[in-house]
Amino acid sequence: MGTDTAPVVTAALVAGLLAGYGIAIPVGAVATCLVSLTARTSLRTGVCAALGVATADGLYALLAALGGTALAVALQPVLLPLRRASALVLLALAVRGAVTVLRRYRARHLPAGPQRDAVSPARAYATLLGITLLNPTTVVYFTALVLGTRATEAVRPPEQAVFVLAALVASASWQLLLAGGGALLGRALTGHRGRLATGLVSSAVIAVLAARMLLTS
(Lines give C-alpha, C1' and ligand atoms only; values in the text may rest on other atoms or scores of the structure.)
Protein backbone atom coordinates (compact mmCIF):
# COMPACT_ATOMS: atom_id res chain seq x y z
CA MET A 1 0.00 0.00 0.00
CA GLY A 2 1.51 3.31 -1.09
CA THR A 3 2.06 6.22 1.21
CA ASP A 4 -0.51 8.24 -0.72
CA THR A 5 -3.18 5.57 -0.15
CA ALA A 6 -2.60 5.01 3.57
CA PRO A 7 -4.02 8.37 4.74
CA VAL A 8 -7.14 7.85 2.61
CA VAL A 9 -7.74 4.36 4.02
CA THR A 10 -7.08 5.61 7.54
CA ALA A 11 -9.61 8.38 7.02
CA ALA A 12 -12.15 5.80 5.80
CA LEU A 13 -11.45 3.67 8.88
CA VAL A 14 -11.95 6.58 11.27
CA ALA A 15 -15.06 7.70 9.41
CA GLY A 16 -16.52 4.19 9.59
CA LEU A 17 -15.85 3.85 13.32
CA LEU A 18 -17.37 7.24 14.05
CA ALA A 19 -20.38 6.47 11.88
CA GLY A 20 -20.90 3.06 13.51
CA TYR A 21 -20.74 4.39 17.04
CA GLY A 22 -22.78 7.43 16.11
CA ILE A 23 -25.74 5.35 14.95
CA ALA A 24 -25.37 2.66 17.64
CA ILE A 25 -24.85 4.60 20.87
CA PRO A 26 -28.11 6.62 21.06
CA VAL A 27 -30.46 4.49 23.17
CA GLY A 28 -33.79 3.87 21.48
CA ALA A 29 -36.38 1.16 21.14
CA VAL A 30 -34.00 -1.30 19.47
CA ALA A 31 -31.45 -0.98 22.27
CA THR A 32 -34.21 -1.41 24.83
CA CYS A 33 -35.39 -4.56 23.05
CA LEU A 34 -31.84 -5.92 23.06
CA VAL A 35 -31.21 -5.32 26.77
CA SER A 36 -34.64 -6.64 27.76
CA LEU A 37 -34.31 -9.75 25.60
CA THR A 38 -30.91 -10.60 27.05
CA ALA A 39 -32.13 -10.03 30.62
CA ARG A 40 -35.05 -12.41 30.04
CA THR A 41 -33.12 -15.12 28.22
CA SER A 42 -29.36 -15.68 28.13
CA LEU A 43 -26.15 -13.99 27.08
CA ARG A 44 -25.89 -16.31 24.08
CA THR A 45 -29.30 -15.21 22.82
CA GLY A 46 -28.42 -11.57 23.50
CA VAL A 47 -25.17 -11.85 21.58
CA CYS A 48 -27.04 -13.21 18.55
CA ALA A 49 -29.58 -10.40 18.82
CA ALA A 50 -26.76 -7.85 19.08
CA LEU A 51 -25.16 -9.25 15.94
CA GLY A 52 -28.52 -8.93 14.20
CA VAL A 53 -28.58 -5.19 14.95
CA ALA A 54 -24.96 -4.80 13.87
CA THR A 55 -25.64 -6.70 10.64
CA ALA A 56 -28.43 -4.29 9.76
CA ASP A 57 -26.17 -1.31 10.48
CA GLY A 58 -23.47 -2.88 8.31
CA LEU A 59 -25.89 -3.49 5.45
CA TYR A 60 -27.08 0.11 5.56
CA ALA A 61 -23.48 1.32 5.68
CA LEU A 62 -22.79 -0.80 2.60
CA LEU A 63 -25.79 0.63 0.77
CA ALA A 64 -24.70 4.13 1.69
CA ALA A 65 -21.15 3.48 0.52
CA LEU A 66 -22.33 2.09 -2.81
CA GLY A 67 -25.23 4.43 -3.43
CA GLY A 68 -24.08 7.68 -1.89
CA THR A 69 -26.48 10.60 -1.72
CA ALA A 70 -28.53 9.24 -4.63
CA LEU A 71 -29.77 6.45 -2.36
CA ALA A 72 -31.01 8.91 0.25
CA VAL A 73 -32.94 10.78 -2.42
CA ALA A 74 -34.45 7.54 -3.74
CA LEU A 75 -35.56 6.54 -0.24
CA GLN A 76 -37.40 9.77 0.49
CA PRO A 77 -40.82 8.56 -0.81
CA VAL A 78 -40.77 5.47 1.45
CA LEU A 79 -39.30 6.97 4.62
CA LEU A 80 -42.67 7.73 6.19
CA PRO A 81 -44.24 4.29 5.47
CA LEU A 82 -41.13 2.53 6.78
CA ARG A 83 -41.12 4.70 9.90
CA ARG A 84 -44.75 3.85 10.59
CA ALA A 85 -44.19 0.16 9.92
CA SER A 86 -41.24 0.16 12.33
CA ALA A 87 -43.33 1.86 15.01
CA LEU A 88 -46.19 -0.63 14.58
CA VAL A 89 -43.81 -3.60 14.83
CA LEU A 90 -42.31 -2.18 18.01
CA LEU A 91 -45.76 -1.57 19.49
CA ALA A 92 -46.73 -5.16 18.72
CA LEU A 93 -43.55 -6.43 20.40
CA ALA A 94 -44.19 -4.24 23.46
CA VAL A 95 -47.76 -5.51 23.84
CA ARG A 96 -46.72 -9.11 23.27
CA GLY A 97 -43.90 -8.82 25.79
CA ALA A 98 -46.14 -7.30 28.46
CA VAL A 99 -48.91 -9.87 27.93
CA THR A 100 -46.44 -12.76 28.03
CA VAL A 101 -44.70 -11.65 31.22
CA LEU A 102 -48.04 -11.01 32.97
CA ARG A 103 -49.41 -14.39 31.96
CA ARG A 104 -46.31 -16.18 33.16
CA TYR A 105 -46.24 -14.22 36.39
CA ARG A 106 -49.85 -15.10 37.18
CA ALA A 107 -49.20 -18.74 36.35
CA ARG A 108 -45.99 -18.61 38.43
CA HIS A 109 -44.03 -19.65 35.35
CA LEU A 110 -41.48 -16.87 35.49
CA PRO A 111 -38.27 -18.80 36.15
CA ALA A 112 -35.75 -17.92 38.81
CA GLY A 113 -33.00 -18.01 36.17
CA PRO A 114 -32.55 -17.16 32.52
CA GLN A 115 -35.17 -18.53 30.09
CA ARG A 116 -32.66 -20.24 27.87
CA ASP A 117 -35.28 -21.91 25.67
CA ALA A 118 -37.76 -19.02 25.49
CA VAL A 119 -36.23 -17.47 22.35
CA SER A 120 -33.75 -19.28 20.16
CA PRO A 121 -30.53 -17.45 19.22
CA ALA A 122 -31.45 -17.70 15.53
CA ARG A 123 -34.86 -16.18 16.15
CA ALA A 124 -33.33 -13.40 18.24
CA TYR A 125 -30.88 -12.61 15.44
CA ALA A 126 -33.62 -12.52 12.79
CA THR A 127 -35.99 -10.46 14.93
CA LEU A 128 -33.50 -7.73 15.80
CA LEU A 129 -32.17 -7.72 12.24
CA GLY A 130 -35.68 -7.14 10.91
CA ILE A 131 -36.52 -4.42 13.42
CA THR A 132 -33.33 -2.52 12.66
CA LEU A 133 -33.75 -2.87 8.89
CA LEU A 134 -37.17 -1.24 9.16
CA ASN A 135 -35.52 1.98 10.30
CA PRO A 136 -34.60 3.85 7.10
CA THR A 137 -33.04 6.74 8.97
CA THR A 138 -29.93 4.59 9.41
CA VAL A 139 -28.96 4.69 5.76
CA VAL A 140 -29.81 8.40 5.54
CA TYR A 141 -27.59 8.94 8.58
CA PHE A 142 -24.62 7.19 7.00
CA THR A 143 -25.09 9.02 3.72
CA ALA A 144 -25.44 12.47 5.26
CA LEU A 145 -22.65 11.99 7.80
CA VAL A 146 -19.91 10.59 5.63
CA LEU A 147 -20.72 10.28 1.95
CA GLY A 148 -22.90 13.32 1.44
CA THR A 149 -19.93 15.67 1.65
CA ARG A 150 -17.98 13.55 -0.84
CA ALA A 151 -20.62 13.10 -3.51
CA THR A 152 -18.43 14.55 -6.23
CA GLU A 153 -15.37 12.48 -5.35
CA ALA A 154 -14.48 9.04 -6.63
CA VAL A 155 -14.60 6.63 -3.72
CA ARG A 156 -12.63 3.49 -4.48
CA PRO A 157 -13.71 -0.04 -3.43
CA PRO A 158 -10.93 -0.44 -0.81
CA GLU A 159 -12.08 2.73 0.92
CA GLN A 160 -15.70 1.59 0.77
CA ALA A 161 -14.79 -1.80 2.25
CA VAL A 162 -12.80 -0.22 5.10
CA PHE A 163 -15.63 2.18 5.87
CA VAL A 164 -18.29 -0.57 5.94
CA LEU A 165 -16.19 -2.98 8.03
CA ALA A 166 -15.30 -0.24 10.51
CA ALA A 167 -18.94 0.76 10.87
CA LEU A 168 -19.92 -2.90 11.36
CA VAL A 169 -17.25 -3.49 14.01
CA ALA A 170 -18.17 -0.31 15.87
CA SER A 171 -21.87 -1.14 15.91
CA ALA A 172 -21.22 -4.76 16.92
CA SER A 173 -18.95 -3.75 19.82
CA TRP A 174 -21.57 -1.40 21.25
CA GLN A 175 -24.47 -3.84 20.77
CA LEU A 176 -22.46 -6.59 22.48
CA LEU A 177 -21.82 -4.21 25.37
CA LEU A 178 -25.57 -3.66 25.68
CA ALA A 179 -26.15 -7.41 25.59
CA GLY A 180 -23.62 -7.86 28.40
CA GLY A 181 -25.46 -5.24 30.43
CA GLY A 182 -28.71 -7.08 29.83
CA ALA A 183 -27.15 -10.33 31.03
CA LEU A 184 -25.99 -8.66 34.24
CA LEU A 185 -29.45 -7.20 34.73
CA GLY A 186 -30.97 -10.63 34.27
CA ARG A 187 -28.70 -12.09 36.95
CA ALA A 188 -29.53 -9.26 39.34
CA LEU A 189 -33.29 -9.63 38.94
CA THR A 190 -33.73 -13.36 39.36
CA GLY A 191 -37.00 -13.41 41.33
CA HIS A 192 -40.55 -13.51 39.97
CA ARG A 193 -41.26 -9.88 40.83
CA GLY A 194 -37.93 -8.70 39.47
CA ARG A 195 -38.55 -10.34 36.13
CA LEU A 196 -42.11 -9.00 36.08
CA ALA A 197 -40.83 -5.46 36.66
CA THR A 198 -38.12 -5.84 34.00
CA GLY A 199 -40.60 -7.08 31.41
CA LEU A 200 -43.22 -4.43 32.10
CA VAL A 201 -40.78 -1.51 32.22
CA SER A 202 -39.07 -2.53 29.00
CA SER A 203 -42.42 -3.00 27.24
CA ALA A 204 -43.56 0.41 28.45
CA VAL A 205 -40.38 2.12 27.23
CA ILE A 206 -40.63 0.45 23.83
CA ALA A 207 -44.31 1.40 23.53
CA VAL A 208 -43.60 5.04 24.40
CA LEU A 209 -40.77 5.25 21.87
CA ALA A 210 -42.91 3.62 19.18
CA ALA A 211 -45.83 5.93 19.91
CA ARG A 212 -43.52 8.91 19.65
CA MET A 213 -42.37 7.69 16.25
CA LEU A 214 -45.99 7.51 15.07
CA LEU A 215 -46.90 10.93 16.46
CA THR A 216 -43.91 12.64 14.87
CA SER A 217 -44.39 10.94 11.47
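The values are calculated or read from the model by the stated rules, or taken from the named source; none is laboratory data. Worth saying up front: this structure is predicted, and the values here are computed from it rather than measured. Positions of Cβ are backbone-derived with ideal geometry, glycine not excepted, and every protein chain shown enters the neighbour counts.
Answer with yes or no whether Ala183 is in contact (Cβ under 8 Å) with a residue 12 or more places away in the chain and within 19 Å of Thr41 (Cβ to Cβ). Yes; evaluated as a whole, the condition is true for this residue. Under the condition of being assigned to a loop (DSSP other than H, G, I, E, B) and touching a residue at least 24 places away in the same chain (Cβ under 8 Å), the residues counted in the stretch 19-36 number 2.
Quick check, is Ala15 modelled with pLDDT of 75 or more, part of a helix (DSSP H, G or I), in contact with a helix residue (DSSP H, G or I) (Cβ under 8 Å, 6 or more places away or on another chain) and among the aliphatic types (A, V, I, L, M)? It is true that Ala15 is modelled with pLDDT of 75 or more, part of a helix (DSSP H, G or I), in contact with a helix residue (DSSP H, G or I) (Cβ under 8 Å, 6 or more places away or on another chain) and among the aliphatic types (A, V, I, L, M).
A search for C-beta distances below 9 Å between a residue of the stretch 37-56 that is within 15 Å of Leu185 (Cα to Cα) and any residue that is part of a helix (DSSP H, G or I) and among the charged types (D, E, K, R), counting only pairs 6+ apart in sequence or on different chains, returns Ala39/Arg187; Ala39/Arg195; Arg40/Arg195; Thr45/Arg123. Confirm whether Leu75 is within 29 Å of Ala12 (Cβ to Cβ), surrounded by fewer than 18 Cβ atoms within 10 Å (Cβ to Cβ), modelled with pLDDT under 80 and within 19 Å of the chain's Cα centre (by Cα). No. Residues that are at pLDDT below 70 and surrounded by fewer than 16 Cβ atoms within 10 Å (Cβ to Cβ) were ranked within the stretch 80-110; the one that is nearest to Ala31 (Cα to Cα) is His109.
Scanning the stretch 111-147 for residues that are of a type in the set (S, T, N, Q), at pLDDT 80 or above and either farther than 30 Å from Gly22 by Cα or under 14 Å from the mean Cα position of the chain (by Cα) (or both) gives Thr127, Thr132.
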